[in-house]
Every structure is written in structure tokens, then in C-alpha cells.
1. Where the only charges are on Cβ atoms (+1 Lys, Arg; -1 Asp, Glu), what is the dipole of the chain about its Cα centre, to the nearest 20 debye?
2. Which percentage, to the nearest 5, of the DSSP beta bridges contained in the chain is antiparallel?
3. Relative to the Cα centre, what is the charge dipole magnitude of region 21-95, using +1 at the beta carbon of each Lys and Arg, -1 at the beta carbon of each Asp and Glu, and rounding to the nearest 20 debye?
4. Expected output is a single nm value to one decimal: the length gained when fully extending between Val49 and Glu261, i.e. 0.36 nm times separation in residues minus the C-alpha distance. What is it?
5. I need the chymotrypsin sites (Phe, Trp or Tyr not before Pro) found in region 161-241, filtered to DSSP loop residues with at most 13 other beta carbons within 10 Å of theirs.
6. Which residue, Tyr227, Gln256, Ser133, has the largest displacement toward the positive end of the dipole of the chain when charges sit on each Cβ (Lys, Arg +1; Asp, Glu -1)?
7. Using helices alone, I'd like the mean residue ellipticity at 222 nm for the chain: each DSSP H run of four-plus residues gives -39500 (n - 2.57), total over residue count, nearest 500.
8. With N set to the number of residues, divide the alpha-carbon radius of gyration of the chain by 2.2 N^0.38 Å and report two decimals.
Amino acid sequence: MEETALYKGFQLICPICGAGLEQNGKSLVCENHHGFDIARQGYIHLLPVQQKHSLSPGDTKEMLEARRRFLNAGKYQPICESVINAIRKYAPCAHPVLVDIGCGEGYYTSAFEQNCGAKCIGIDIAKDGAKMSCARSKNAVWLVATASQLPIADHSADIVTAMFSLLLQEEYARILKSGGCVVEVTVGSQHLIELKSIIYEEVFQQDKHPEPCGDCFDEVECTEYQYNITLDNDELKNLLLMTPHFWRIRQERREQLENTERLALTIHYWVRVLKKK
Ligand SMILES: C[S@@+](CC[C@H](N)C(=O)[O-])C[C@H]1O[C@@H](n2cnc3c(N)ncnc32)[C@H](O)[C@@H]1O
């Protein structure tokens, strides 16, 4: 990997051969002549067909649009703030290189850029996610790529965030500098419990404590948060559309929810910080 190959100051690598990528006009190219166009909106598609497991992987456009409407209404703002606080506390430098995995439509990534002085790369396997994210920030780099083979050079990131997303510890350790951190948000057992009670006959109270930390990391913080929100009918429909529950719901339960004017819900999640050894 050529250390000098940079795009907007980030060390991106070719998803085919691993060589450094640099800008050449409206494309990124590597020394082995693999080229990737920068889309009109600004995102870059770095997901070769052999890394795709379906025609349109990841969340659908409808899910992403519902997620955008829901998040813009501010109901998950406290989640965002708790992660901003963790990044400020654990970032190893004033302007950390932050990689947000499964960034969706870019709500959290752009908040980290604005509030943590971070230089951000948002990554999602869904092309519509990267496309929509471009409207959130022109400074961030938005990539269509897979979390399992990140097109990012070894030891080049300070923070990896995974907001309700995948935790692939070995791959995140590869791209992080020593002393860099993963900040992970996962749902707790009571998260949206009232909604699940309407959708499912029986709700299993699983212990959803985050999975164990591997050899590459030390767990430096694991904090549980809980608060309550009330959603109106439109917000409820957006929430349903952006979660996997929508795809499992039975017709009569869907009608019940469609006629629900307001619903009080529990928000329950964990913020965990893993520091690379
Ligand atoms: C539950 S959503 C969370 C989105 C965003 N972090 C948020 O909280 O608003 C998970 C996201 O991960 C993306 N995703 C799923 N598998 C992925 C993979 N292998 N690599 C990158 N992104 C992936 C989906 O397309 C989706 O946008």
C-alpha cells in the first residue's frame, strides 16, 4: 500500500487489490489501474460485485427514507448525544479520523462531524444510504462498501462507530491506530418493548448485553441508557418502516398500529467503548 495515496486526506484502498487510491479527475484509481467513479452526488461505490451478496444489499430506499424522517424529528437525539460525549472523552486527538459503519442515511455521521471535530467516512452497503448521506455533509466521505472488507488502509483511523450496526472486531482493529477506539451502540432488552408487544404474540425478554470483547481490544466503558418517548401516528409508521419488525407484522396487528394515535415507548440501549491494544 502506497502511504502517499490519499483522497481528501483519507487513506482509502482499492477493494479489489488493496493498493492505495488517489483522485484522478472524477475517479479514484490505484496503481493497478482499478478505477472507481465519484458519483455526481459525491459518494463513491467501492463494493465490487464479488463482495455483494444480493443485487441491492442493505436497507431499502423506503427504509432509509423512513429512517431519515424519524431521525430528523429528534426522538433519538439523546442517543446521538451520548455517543458524541463518548467520542469527545475517548478520541485520541482533536480531529480524529472517524469511520461510521452502516451509516444509513448519515444522521449520526454528520452529527459526529459537526460536534466532535471529526473527519468522517460514512460507510454503508446500501447505495441509497450513501447517496442520501451526501445531502447531510459535503465534507464527509461517503462510501458504498462492506464492513467485512473495509476499503480503508491499516492503522489509519482513530475512531470506529457502529450505531445499531455490525461489530466486526478484527476488521475494525485492522483499520484503527493503536489507542484508537470502537464506539458501539446496541439495543437493550426493553428497547421498543411496547411496540413489540403489539406486533408479536409473545415477546421474549432476552438479555441483550453486548457481545464479549475480543483479544484486540480492552473494554473501557459500557453504559446502559433508558428514556421514554411518545410517538404520534406518523412517527410510529416511520419507526415501523425503518425496523425489521415491519417485515414480520401480521395484517391485523398492522391495522391496530395504523389506528394507534399515540404510543409511549421505552428507548433502551448500551454505549460501549473498546480501546485497541
Ligand atoms: C439498523 S441500520 C442502522 C443505520 C444507522 N447506523 C442508524 O442508526 O441510523 C443498519 C445499516 O447497516 C447497513 N449494513 C448492513 N450490512 C452491512 C454491511 N455488511 N456493511 C456495511 N453496511 C451494512 C444497512 O444498509 C443499514 O443502513
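1. Using Cβ point charges on Lys, Arg, Asp and Glu, the chain gives about 580 debye.
2. If we restrict to bridges inside the chain, about 60 percent are antiparallel.
3. Numbers: 10 positive and 7 negative charges, 73 e Å.
Roughly 360 debye for region 21-95.
4. Length gained, Val49 through Glu261: 71.9 nm.
5. Working: sites: Phe164, Tyr172, Tyr200, Phe204, Phe217, Tyr225, Tyr227; in loops: Phe164, Tyr200, Phe204.
Answer by residue number: Phe204.
6. Ser133
7. Values: 8 runs with 75 residues, N = 277.
Calculated at 222 nm, the ellipticity per residue is -8000 deg cm²/dmol.
8. On the way: Rg = 19.2 Å, N = 277, 2.2 N^0.38 = 18.6 Å.
It is 1.03.
None of the figures in this text is laboratory data; all of them are computed from the coordinates on show. Predicted model only: the values in this text are computed from it and were never measured. All Cβ positions, glycine included, derive from the backbone under ideal geometry; neighbour counts span all protein chains shown.
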